[in-house]
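Below: one structure, written as structure tokens.
The numbers here are math on the coordinates, done by the rules we state, and not lab data. This one's a predicted model, so the numbers in the text were calculated from it and none came from an experiment. We place every Cβ from the backbone using ideal geometry, glycine too, and count neighbours over all the protein chains shown.
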Amino acid sequence: MDTRDFIQLEDIYTAHNYHPLDAVLTKGKGIWAWDVEGKKYLDCLSAYSAVNQGHRHPKIMKAMRDQAAKLTLTSRAFHNDRLGEFMKKLCTVTKMEMALPMNTGAEAVETAIKIARKWGYEKKGVAENKAEIIVCSENFHGRTTTIVGFSTDPDSNRNFGPFSPGFPIIPYDDPDALRRAINENTVGFLVEPIQGEAGVKIPSAGYLRQVRDICSEHGILLILDEVQTGFCRTGRMFAWMHEGAKPDMIAVGKALGGGIYPVSAALGSNDIMSVITPGTHGSTFGGNPLACAIGTASLDVLIQERLDKRAEKMGNLFRKRLHEIATDKVLEIRGKGLLNAIELKKSAGTAREHAEKLMKLGVLAKDTHGQTIRFAPPLVISEDETEWLAERIQMVL
């Protein structure tokens, strides 16, 4: 079978909820991926930042194989010998006190929403069924019916209603709007430190610090969705660390599974997490031994290889090279660490067209919102490879 055969088979039997580029991948190692025709590509999406450690990192693969040879799943009806160690390491890395393990990023966000609401009723004294969690326009927190209900992207929520109430929407990067939206029923503010799916929208300097202070002043929870920005992607272990804006709760996922297995969690203080008691929340696969082994190894790789420092250094080099390109196509270059985007002028054509040209040159990057191309390679990328990537982008621009 060739590329067209694989794509045709997928088109017939798979719901069309994605519009992928026409590369059929069959192998990956480090920052590279190969298609079924044998062509080699630099992966500049990293599965939306789930492959921060690179494809099939040997330490994470070994942890997976070793654990799979012993025990993979018990459910939380019983204890397993990997969960406590993993949760301790995750709490240490996130600077939180307690975690609730789940599988996907959307599940982590849903878990944080449930905990915040329950905390609001039981600890803050909000009237029953009145709790509100403020969110931002152009957010992306997942695909569940609750989450898409407070999306402002019509592609995400059209014809999926009716939606759950209790999520006032304010502009992103607007602390004054947050102040105005808070009332006696507000229990939290859910926000991305950088809006990734919106096109790598980076807020003004000091924004996170300001919203941290506002949440503290009004006694509401600052809930950060670091599913995409977390685990060294922006040049720090978590994006909130750039401004010391420690959240009350944090949702994590993607790179926690090392690009191998879905692993996620919602974390917070003992006081906040204490509202969860047996029977109030759960997951058959959340916290399973295989996930714990993979998650532990994934964290070890991030820490031992100092991938936060590498992301910062390579990100600075990458943006420097982009700014040196002589072109009239670019409206804006945005980024922090190795989460970057080029927004093209309308006159330059669509981002999709440019992503297809990059693919022909051996670079897999993904368009978003019409005019924006996102660049997020695995954090193990070298200086020479970063230069190689910038040269291909220059050819296209």
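Compute the helix-to-body angle for 383-396: its Cα long axis versus the longest principal axis of the chain, expressed 0 to 90° and rounded to tens. Around 70 degrees separate the two axes. Electrostatic tally near CYS232: other residues with Cβ closer than 13 Å to its Cβ, Lys and Arg +1, Asp and Glu -1, net +3. Among the listed pairs LYS246/LYS313; LYS39/LYS309; LYS88/LYS254; LYS114/LYS313, a Cα-Cα separation exceeding 29 Å is found for LYS39/LYS309; LYS114/LYS313. Electrostatic tally near ASP81: other residues with Cβ closer than 15 Å to its Cβ, Lys and Arg +1, Asp and Glu -1, net +3. Mind sorting out which of (i) 21.0, 62; (ii) 20.7, 66; (iii) 22.2, 89 is the real Rg and Dmax of the Cα atoms in Å computed from the coordinates? Of the labelled values, this structure produces (i).
The antiparallel fraction among DSSP beta bridges confined to the chain stands at about 70%. Bridgeable lysines around LYS346 (alpha carbons under 29 Å apart, same-chain partners fewer than 8 residues away excluded): LYS201, LYS320, LYS329, LYS336, LYS357, LYS360, LYS366. Helix 3-13 axis versus longest C-alpha principal axis of the chain: approximately 30°, rounded to the nearest ten. With contacts taken as Cα pairs under 8 Å and at least 6 residues apart, the stretch 58-304 reaches a relative contact order of 32 percent. Straight Cα distances below 16 angstrom link LYS70 to the lysines LYS62, with same-chain residues fewer than 8 positions distant left out.
Note on the chain: dipole from Cβ charges, positive end direction compared against TYR261, THR145, VAL93; the farthest Cα belongs to VAL93. The angle separating the long axis of helix 58-68 from the principal Cα axis of greatest extent in the chain is about 50 degrees.
When the Gaussian network model of the chain links Cα atoms closer than 10 Å, the mean-square fluctuations of THR372, THR104, THR386 top out at THR386. Of all the options LYS62, LYS309, LYS336, the one that moves most in a Gaussian network model of the chain with Cα springs shorter than 10 angstrom is LYS62.
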